[in-house]
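K.L.:
Please find one structure pasted underneath; my questions will follow.
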Amino acid sequence: MDLEEEGLWRELLDSGKIWISVCRRWTEQQGSDRMYQLVVKLLDANYAILHYFFHKRFPVRPRTGSFSFRIMHAFTNIKKGVRFVLFDHSVEGYDSWPEQCGVCRPQSSVIVRIRP
């Protein structure tokens, strides 16, 4: 996500007065046994990593009906130069096509807050 394209200006991004909260939701029906992992990176204009959040791999177990989970993190004390938010997630053991295991709905959100 390009923060400037979303309407944030450089002076605000470099002010040291923002927090960036990220959230990743995953909803699926009739899942199979697999491992999920999430990495969120805050990048500068040259795509260099300024901050990152790593959520270790965890199992997503099969259940009847649909299931969902949510991972949230807040970046504080953000360095000057942040311009992009990158979500990088992986699912190991996803050996079925979506039409075989049900609907998969990944959703991500980014909230930028100005500190008082």
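K.L.:
Order Arg113, Arg70, Arg83, most accessible first, counting only protein heavy atoms with a 1.4 angstrom probe.
P.N.:
Arg70, Arg113, Arg83
K.L.:
Quick one: which of 4-12, 36-44, 16-24 comes out on top by average Cβ neighbours within 10 Å, and what's the full order, highest first?
P.N.:
Values: 4-12: 11.1, 36-44: 18.3, 16-24: 15.8.
Going by the mean number of other Cβ atoms within 10 Å, highest first, we get 36-44, 16-24, 4-12.
K.L.:
I'd like the FRET efficiency for Lys56 and Asn77, computed as 1/(1 + (r/R0)^6) with the beta carbon distance as r and R0 of 25 Å, rounded to 0.05.
P.N.:
On the way: r = 22 Å, r/R0 = 0.90.
Efficiency for this residue pair is about 0.65.
K.L.:
Which value, in Å² rounded to 10, gives the accessible area of Thr76 with a 1.4 Å probe and all protein chains present?
P.N.:
70 Å²
The values are calculated or read from the model by the stated rules, or taken from the named source; none is laboratory data. Worth saying up front: this structure is predicted, and the values here are computed from it rather than measured. Positions of Cβ are backbone-derived with ideal geometry, glycine not excepted, and every protein chain shown enters the neighbour counts. Calculation scope for accessible area: heavy atoms of the full protein, side chains included, ligands and nucleic acids excluded. Shrake-Rupley method; radii C 1.70, N 1.55, O 1.52, S 1.80 Å.
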